[in-house]
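Peer 1: My structure is below; once you've seen it, I'll send some questions.
The values are calculated or read from the model by the stated rules, or taken from the named source; none is laboratory data. From a predicted model like this one, the values you see are computed outputs, not experimental measurements. Cβ placement follows ideal geometry from the backbone for every residue including glycine, while neighbour counts extend to all protein chains displayed. Surface accessibility is based on the protein's heavy atoms, side chains included, excluding ligands, DNA and RNA. Shrake-Rupley method; radii C 1.70, N 1.55, O 1.52, S 1.80 Å.
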Amino acid sequence: QVQLVESGGGLVQSGGSLRLSCAASEPTSRLNGMGWFRQAPGKQREFLSAISVSGLTFYADSVKGRFTISRDDVKNTLYLEMNSLKPEDTAIYYCAATYGFSGTADRDFGFWGQGTQVTVSS
């Protein structure tokens, strides 16, 4: 069972930046797909971004150009650099991973972190 632990969330003003990290309990080089999702109060969990072990990246339109995903397979850590944050980015942010990589839906990821809260004030 892969354990994922997110960090880096917090309170930031609109227009600000945050970098989320996700530490994995096993070598991330074995996790072909890693990604970030978020869930705002009263809303369904939403895909944000994913990255393959080869570095191929995917982004939701809502964050394209503002968020950047990266991974460090030496440190076994996934990152999400978030810039130009807006109040509507307020949510719990989840890290997810999978051995295979067949898509960017929730069901395509078998391992999930507990989440980290991001709050953007206006």
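Peer 1: May I ask you to give the percent of accessible area on the chain that is carbon plus sulfur, with a probe radius of 1.4 Å?
Peer 2: Ligands and nucleic acids excluded, carbon and sulfur give 46 percent.
Peer 1: Roughly how far apart, in whole Å, are the Cα centres of segment 75-109 and segment 2-59?
Peer 2: The two parts, judged by their Cα centres, are 3 Å apart.
Peer 1: Would you work out the charge dipole size for the chain about its Cα centre, treating the Cβ of every Lys and Arg as +1 and the Cβ of every Asp and Glu as -1, and quote it to the nearest 20 debye?
Peer 2: Values: 11 positive and 11 negative charges, 18 e Å.
Roughly 80 debye, rounded to the nearest 20.
Peer 1: Here's something else I'd like to know. Quick one: ranking Leu11, Leu48 by accessible area, 1.4 Å probe, largest first, what do you get?
Peer 2: Per-residue accessible area, sorted high to low, gives Leu11, Leu48.
Peer 1: Here is a further query. Per residue, what accessible area does the chain have, given a 1.4 Å probe and all protein chains present, in Å²?
Peer 2: 50
Peer 1: Let me ask another. Keeping all protein chains in the complex and leaving out DNA, RNA and ligands, what accessible area do you get for Arg30 with a 1.4 Å probe, in Å² to the nearest 10?
Peer 2: Probe radius 1.4 Å; accessible area of Arg30 about 150 Å².
Peer 1: While we're here: From zero up to wherever the largest Cα-Cα distance of the chain sits, split into 10 Å bins and tell me the percent of pairs in each.
Peer 2: Using 10 Å bins, I get a P(r) of 15, 51, 30, 5, 0 for the chain.
Peer 1: If you stretched the chain out fully between Ala40 and Asp108, how much longer would it get, using 0.36 nm times the residue separation minus the C-alpha to C-alpha distance? Display every interim value, and only then the final one.
Peer 2: Working: separation 68, 0.36 × 68 = 24.48 nm, distance 2.05 nm.
Working it through step by step, the gained length comes to 22.4 nm.
Peer 1: Then there is this: Gaussian network model of the chain, Cα springs within a sub-10 Å range: biggest mean-square fluctuation belongs to which of Ala105, Ala91, Ala50?
Peer 2: Most flexible of the set in this elastic network: Ala105.
Peer 1: Largest first and in whole Å, what are the equivalent-ellipsoid semi-axes of segment 17-62 based on the Cα gyration tensor, each being the root of 5 times an eigenvalue?
Peer 2: Those come to 22, 13, 11 Å.
Peer 1: GNM, the chain, Cα, under 10 Å: largest mean-square fluctuation among Gly110, Gly42, Gly16?
Peer 2: Of the options given, Gly42 has the highest mean-square fluctuation.
Peer 1: Please list 3J(HN,Hα) in residue order for segment 69-76, calculated via the Karplus relation 6.51 cos²θ - 1.76 cosθ + 1.60 where θ = phi - 60°; whole Hz, with x for glycine and proline.
Peer 2: 3J(HN,Hα) across segment 69-76, in whole Hz: 9, 8, 9, 10, 7, 8, 8, 6.
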